[in-house]
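Note sheet for the following structure.
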Amino acid sequence: MWIAVIAGACIILIITILFLLRATTNGTSLPLFRGLRMRRWVEPRDTVTCQRIVDDMRRVCVESVGSVPTHPMLHGDMEALGKRIVMIIYHQEKPVMFNAILKVDGIVGYDVPIFYVGLVMVVNQMKRKGLQKITILNVLLLFLNYRITTFDLTDAGRSASGLRLANDYLDNPYPNYRKPDLTPSSEQVLVAKHVILKHKPDLGSSPAATLNVQSFVLENTLAEEKGGSAQLVNAIQDGRSKNDEINSFLKSRVGGMQNDALFCIGKARLISGILTLGKRFFERKRV
Ligand SMILES: CC(C)(COP(=O)(O)OP(=O)(O)OC[C@H]1O[C@@H](n2cnc3c(N)ncnc32)[C@H](O)[C@@H]1OP(=O)(O)O)[C@@H](O)C(=O)NCCC(=O)NCCS
């Protein structure tokens, strides 16, 4: 009797995991919370699907920052979109947020997969409601999709809340607002330089951008006259954290230069990610 019950439970669990694995890669509409629904695609290739994804992302951009940033994936470059893991959040069928993670090309002789958190956009009427944090789900699902337990996660931006998420959930994050005097490891410098060298257009970065290998400030990345995504300069205000220590840290690095962004890097590990999320949830801390 018990064996039958356990076997039945195992079968249901396996079917659920298989369903989730498929549904979170092929754009199935899945319920989240507060009436929000999510669609997610891993490295989409089909032309019709890609067109729909681009249309929805462009719509969110316009309602978030007034126009569409320079990223090639937002301008019909299907190859650029095919390197992305896109999550779009809908409210009453209308796209209200998206996050497009970039799978970074590998480095010869370096076996750890590298991802770039990429673009996060929330429409004006849904800002400051915690939607940016749904990117954590998009990142967590990478473990399942790529069957990996560790990867390097990188990002570049001007949002203090984005920096907080990177510092709270990644192992050995750099820069770290809790340790302002920290310096990056040689491995972190190698990966950061590689991401920037290989993927400037994918980052919405100006070709003239340069990385300061000590502070990890990506200088001139958003300069519009040099081809950068000027739409993102206001993230420092939009993504203000409730924790002023982080706001001050970000300002000290990029506050004076509106075209600069801060490059972040850290190790995403399945076990520590789940433990941190669980601990925060049970301690009723902000996720
Ligand atoms: C930056 C951006 C993605 C933030 O998205 P969001 O969903 O508004 O972010 P959140 O709601 O999670 O909140 C951001 C911060 O505001 C704080 N916040 C939320 N509600 C708040 C409120 N009512 N009052 C004050 N602060 C509040 C949050 O605490 C959070 O910081 P913290 O978690 O570190 O404390 C969004 O503003 C945006 O799309 N900007 C334009 C595009 C852009 O610049 N993207 C970033 C690319 S680098």
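Just so it is clear, none of the values below were taken in a lab; they were calculated from the coordinates. Not measured: the values here are computed from a predicted model. Neighbour counts run over all protein chains shown; Cβ positions are idealised from the backbone, glycine included.
Treating the angle as unsigned and between 0 and 90°, give the value, to the nearest 10°, between the Cα long axis of helix 2-23 and the longest Cα principal axis of the chain.
Between the helix axis and the principal axis of the chain, the angle is about 40 degrees.
Using Cα centres only, tell me the gap between region 175-222 and region 53-102 in whole Å.
With region 175-222 and region 53-102 each reduced to a Cα centre, they are spaced 24 Å.
For a test of the definition: using alpha carbon positions, the gyration tensor, and the 1.5 limit on a/c, classify region 5-135 as rounded, prolate or oblate. Let's see the in-between values first.
Working: a/c = 1.91, a/b = 1.24, b/c = 1.54.
It comes out oblate by the Cα gyration axes.
Which one of Pro201, Gly273, Gly118 has its Cα pushed farthest toward the positive end of the charge dipole of region 2-282, where Lys and Arg give +1 and Asp and Glu give -1 at the Cβ?
Of Pro201, Gly273, Gly118, it is Gly273.
Could you work out how far helix 47-65 tilts from the main Cα principal axis of the chain, as a 0 to 90 degree angle to the nearest 10?
The angle comes out at about 50 degrees.
Could you work out the pair-distance distribution P(r) of the chain from its alpha-carbon pairs, with 10 angstrom bin width and percents rounded to whole numbers?
Going out from 0 Å in 10 Å bins, the chain shows 6, 28, 38, 21, 5, 2, 0, 0 percent.
Quick one: angle between helix 160-169 and the longest Cα principal axis of the chain, in degrees between 0 and 90, rounded to 10, please.
50 degrees
By its C-alpha gyration tensor, with a ≥ b ≥ c as the square roots of the eigenvalues, how is region 8-59 shaped: rounded for a/c under 1.5, else prolate for a/b larger than b/c, else oblate?
oblate
Assigning unit charges at the beta carbon (Lys, Arg +1; Asp, Glu -1) and nothing else, what dipole magnitude in debye, to the nearest 20, does the chain show about its Cα centre?
I would put it at about 980 debye.
Once you order the gyration tensor axes a ≥ b ≥ c over the Cα atoms, which shape class does region 163-272 get: rounded for a/c under 1.5, otherwise prolate or oblate by comparing a/b with b/c?
In terms of gyration-tensor shape, oblate.
Which one of Glu93, Glu219, Glu63 has the biggest mean-square fluctuation once the chain is modelled by GNM with Cα springs under 10 Å?
So, out of Glu93, Glu219, Glu63, the one fluctuating most is Glu93.
For the chain, what does the helix formula give at 222 nm: sum of -39500 (n - 2.57) over DSSP H segments with n ≥ 4, over the residue count, nearest 500 deg cm²/dmol? Provide the component values of the computation, followed by the final result.
Numbers: 9 runs with 105 residues, N = 287.
After summing the helix terms and dividing by residue count, I get -11500 deg cm²/dmol.
From Cα pairs below 8 angstrom and at least 6 apart in sequence, can you work out the relative contact order of the chain, rounded to a whole percent?
17 percent
For the pair Leu30 and Thr150, how long in nm is the line joining their label points, each one 7 Å along Cα→Cβ?
In this crude label model, Leu30 to Thr150 measures out at 2.6 nm.
I'd like to compare 154-161, 2-9, 84-91: which one has the highest average count of other Cβ atoms within 10 Å, and what's the full order after that?
On the way: 154-161: 26.0, 2-9: 8.8, 84-91: 22.5.
For the peptides 154-161, 2-9, 84-91, the packing ranking is 154-161, 84-91, 2-9.
Using a simple spin-label model with points 7 Å from Cα along the Cα→Cβ vector, what separation in nm is obtained for Thr210 and Met1?
Calculated label separation equals 7.7 nm.
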